[in-house]
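Here the structure comes first, spelled out in structure tokens, and everything after it is commentary.
Each reported figure results from applying straightforward, stated rules to the coordinates on display, with no laboratory input. Note that the coordinates shown come from a computational prediction; the quantities given were computed from them, not determined experimentally. Here Cβ is always computed from backbone atoms with ideal geometry, including for glycine, and neighbour counts include all displayed protein chains.
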Amino acid sequence: MDHTATLLILHLGEVIECLSNDEKRSLILFSKWGCDGSLQIEYKMKFDHECDSDANIFQSSVVPLQLVYGPEKKILWQDPTPSSLRYCRPKRIRFIKETSDITNEEINYFKSQITAISRTEIEDISIKHKMLFTMVDGKACNAATHTKSTMRCYICDATSSEFNDLIKKRASKEENLNFGLFLLHARIRFFLEFITCSI
Ligand SMILES: [Zn+2]
């Protein structure tokens, strides 16, 4: 993160110089992070050890999103292509198959790294890092929320057979709302409102 922040400051050059001393000490860099596994074709070249394999890759990465300053969090720099791999910074690549245990291990490893992260100090500039765990697909989301089945809603634990019961109220796990709305969860909420209104 120090390297990323240093390059950003270098890139911004004169823009940084226009800031007051207080503003220079109030910079916050927002980044998103996440992990995912992938399969690739194995070639015929042999490894020295037969048990080694590069068939599976598991990678975690970080993408810087916004550099803000001051109490009003004014935007100094913004990633013009947040969904592109252009600013993507790979953090750890492992030749290992993606399972929920591996995903959880990676998430815990990453979270422990984030708690240990300190400000980036470059001369009179100080940058605080804020990391958002938002780069998740269905598999990673289910692993992170300890949801065993993809047919189960990670927000309220409802299974596919329960989705049709519109009257039954289910408690939402607030911490899991960070991962966005499960489509069926959103739809049922909407229809429930609709029915109540029409009655
Ligand atoms: Zn739900």
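On the beta carbon distance between ASP124 and PHE95, with R0 = 30 Å, the FRET formula returns roughly 0.10.
Whole-Hz Karplus values for region 12-26 come out as 6, x, 4, 4, 5, 4, 6, 7, 6, 4, 4, 5, 5, 8, 10 Hz, taken residue by residue from phi with 6.51 cos²θ - 1.76 cosθ + 1.60 and θ = phi - 60°; glycine and proline positions read x.
Here LYS46 is the anchor, and the aspartates and glutamates within straight C-alpha reach of less than 15 Å, apart from those fewer than 8 places off in the same chain, are ASP54. Considering only SER172, GLY37, VAL62, and ranking their Cα positions along the charge dipole of the chain that arises from unit charges at the beta-carbon of Lys, Arg, Asp and Glu, the one farthest toward the positive end is SER172.
Reducing region 128-189 and region 68-98 to their Cα centroids gives an inter-centroid distance of 24 Å. Once both labels are positioned 7 Å from their Cα atoms along Cα-to-Cβ, the gap between THR6 and ILE41 label points is 4.0 nm.
One decimal place: the segment ASN21-ILE75 gains 17.8 nm when fully extended, by the rule 0.36 nm per residue minus the C-alpha distance. How many percent of all Cα-Cα pairs in region 90-188 sit more than 19 Å apart? Percent of Cα pairs beyond 19 Å in region 90-188: 54.
Strictly over 26 Å apart at the Cα level, which of LYS130/LYS173; LYS139/LYS173; LYS44/LYS148; LYS111/LYS169; LYS73/LYS173 would you flag in this model? Violating the 26 Å limit, Cα to Cα: LYS44/LYS148; LYS111/LYS169; LYS73/LYS173. Our helix-only sum for the chain, with -39,500 (n - 2.57) per DSSP H run of n ≥ 4 divided by its residues, gives a mean residue ellipticity at 222 nm of -8500 deg cm²/dmol.
This model, with +1 at the C-beta of Lys and Arg and -1 at the C-beta of Asp and Glu, gives the chain a dipole about its Cα centre of some 600 debye.
What does the net charge come to around CYS88 if you take all other residues with beta carbon closer than 12 Å to its beta carbon, with K and R at +1 and D and E at -1? That sum, taken over residues with Cβ under 12 Å, equals +2. Among the GluC sites (Glu not before Pro) in region 95-142, those placed in a DSSP loop whose Cβ has at most 13 other Cβ atoms within 10 Å are GLU123.
Output needed for the chain: three equivalent-ellipsoid semi-axes, defined as square roots of 5 times the C-alpha gyration tensor eigenvalues, in descending order, whole Å.
The answer is 36, 29, 13 Å, longest axis first.
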